[in-house]
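Okay, structure first, notes after.
The values are calculated or read from the model by the stated rules, or taken from the named source; none is laboratory data. Owing to the predicted nature of the structure, the values given are computational and were not obtained by experimental measurement. A quick note on method: Cβ atoms are made from the backbone with ideal geometry, for glycine too, and the neighbour counts reach across all protein chains shown. These accessible areas exclude ligands, DNA and RNA; they are computed on the full protein's heavy atoms, side chains included. Shrake-Rupley method; radii C 1.70, N 1.55, O 1.52, S 1.80 Å.
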Amino acid sequence: MEKFREGKSGITLVALVVTIIVLMTLASVSIGAVFSEKGIIQQAKDSKKQHEDAVKKEEENLNELLGEYKNSMSGTTPTPVPTPAPTSTPIPTPTPTTPAGTEVKKPSTWTSEKVSAIADGAGGIVPLPDGYYYVGGDIDTGLVISDKAGDTMNASGTSMRKPICVDTSTR
């Protein structure tokens, strides 16, 4: 029987113990890298929380901007803004005969400093954002504004005298 065992090759007990120790060391390092306080799982949780916070903040900012836009379009605002000092030349209040595009007195409900008021040609008032200029038209044909001073009603090569109107009553 001794001869039979001599020809066999196998793993020694020392080699087996060394292998187990190496595997245990690798396992402890891996487990620490995954589950420790600064491990991969914790980093993933932190990243998820940061992303959720950023999304929430972006939604709040967008909702705030939307509220400001709606307030500017409706002429209301949640907080009063001081009225500017009167100018030396009084700005007229619009009447039905005030030509469209004439600068008129801004309503007291308009608190934005970034718009001025112009007549719509029918006795009403429309906001004109700073940096834009009245080009032509009235409330019936559509007011045309431009960000370039000196533009005309046919600046695009198309006459604006007969605007295109779409009848939506049949839809």
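Could you check region 122-143 and list, in sequence order, the residues that are within 12 Å of Val104 (Cβ to Cβ) and either free of Cβ contacts under 8 Å to residues at least 12 places away in the same chain or aromatic (Phe, Trp, Tyr) (or both)?
So in region 122-143, the residues within 12 Å of Val104 (Cβ to Cβ) come out as 123-128, 134.
Selection gives Tyr134 alone.
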Next on the checklist: If a residue must be in a loop (DSSP other than H, G, I, E, B) and within 19 Å of Glu113 (Cβ to Cβ), how many such residues does region 125-144 contain?
Outcome noted: 3
Next on the checklist: Checking Pro92 against (1) modelled with pLDDT under 80; (2) over 28 Å from Thr152 (Cβ atoms); (3) open to solvent by less than 90 Å² (accessible area, probe 1.4 Å); (4) not aliphatic (A, V, I, L, M), only one condition comes out false. Which one?
Outcome noted: (2)
Checklist entry - Looking at region 124-140, which of the residues that are surrounded by 17 or more Cβ atoms within 10 Å (Cβ to Cβ) and closer than 11 Å to Pro94 by Cβ is nearest to the chain's Cα centre (by Cα)? => result Val126
Item to check | So Ser36, is it modelled with pLDDT of 90 or more and either in contact with a Gly (Cβ under 8 Å, 6 or more places away or on another chain) or open to solvent by less than 70 Å² (accessible area, probe 1.4 Å) (or both) | outcome: no
Checklist outcome for this item: Among the residues of region 105-123, the number that are surrounded by fewer than 16 Cβ atoms within 10 Å (Cβ to Cβ) and closer than 19 Å to Asn71 by Cβ is 5
